[in-house]
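The structure under discussion appears below in the form of structure tokens.
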Amino acid sequence: MLVYSMIGFEWTAAKFLWYLFFMYFTLLYFTFYGMMAVGLTPNESIAAIISSAFYNVWNLFSGFLIPRPVSYPPVGFAFFFHSLLLVVLNTWPISYYSLHSFFIQKIPVWWRWYSWICPVAWTLYGLVASQFGDIMHTLDDAEKEGQTVAQFITEYFGFHHDQLWLVAVVHVALACFFAFLFSFAIMKFNFQKR
């Protein structure tokens, strides 16, 4: 309740309950993931290394730093243009990564699949869509004149307020999946040496 009020979210019962739901299940699937990592590895040191690597990847592909693509690009021409861009930029003395980051501002298409299986991306989807997905105030930005907050969330991030039920189901499924893998690992794996 303290964090919710400090963030400055709107005080409605539905938004507060969605916030509690997503934060509870986020904490739950992170806990079960840690337990699963310990259950699947021989010792806690290896589990800590593997977990920290996955946490970094989850944060990178969550959509917070680099938003995931909203729509599918045209396959033929876009693929040809991107391949040509790679060849041309690799032959120039200018840094490829500086120009490439200028042209591509979202998660690349070939990593889109990972942004959809990333648990933190689903948490971000749930929190943003539940808190801002129904706000109909217009933005003050000159480029987005007449666009509401809900329209911006839908067009830029691809977060739909009417699909919160799906995000909630995915959160429950992630927690159950990690708990099942932990239970399976504890039951079937034995790393003791004789």
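Largest first, the residues His161, His171 sort by 1.4 Å accessible area into His161, His171.
Distances between placed amide hydrogens fall under 5 Å for Arg68 paired with Ile107, all partners being 5 or more residues away or on another chain.
Per residue, the stretch 139-189 exposes 63 Å² of solvent-accessible protein surface, assessed with a 1.4 angstrom probe and all protein chains in place. For Ser5, the accessible surface of its heavy atoms amounts to roughly 50 Å² (probe 1.4 Å, protein chains only, rounded to the nearest 10).
Once the whole set of protein chains is in place, how much accessible area is left on Thr26, using a 1.4 Å probe, in Å² to the nearest 10? The value for Thr26 is about 20 Å².
Converting the Cα gyration tensor eigenvalues of the stretch 20-70 into ellipsoid dimensions via √(5λ) gives semi-axes, longest first, of 24, 16, 7 Å.
Rounded, prolate or oblate: pick one for the stretch 136-194, where a ≥ b ≥ c are the square roots of the eigenvalues of its C-alpha gyration tensor, a/c under 1.5 means rounded, and failing that, prolate if a/b is larger than b/c, else oblate. Because a/c hits 1.5 or more and a/b exceeds b/c, the stretch 136-194 counts as prolate. The solvent-accessible area of Phe189, taken with every protein chain present and a 1.4 Å probe, is close to 90 Å².
The values are calculated or read from the model by the stated rules, or taken from the named source; none is laboratory data. All values reported here derive from a predicted model rather than from experimental measurement. We work out accessible area using only protein heavy atoms, side chains counted, and drop any ligands, DNA or RNA first. Shrake-Rupley method; radii C 1.70, N 1.55, O 1.52, S 1.80 Å.
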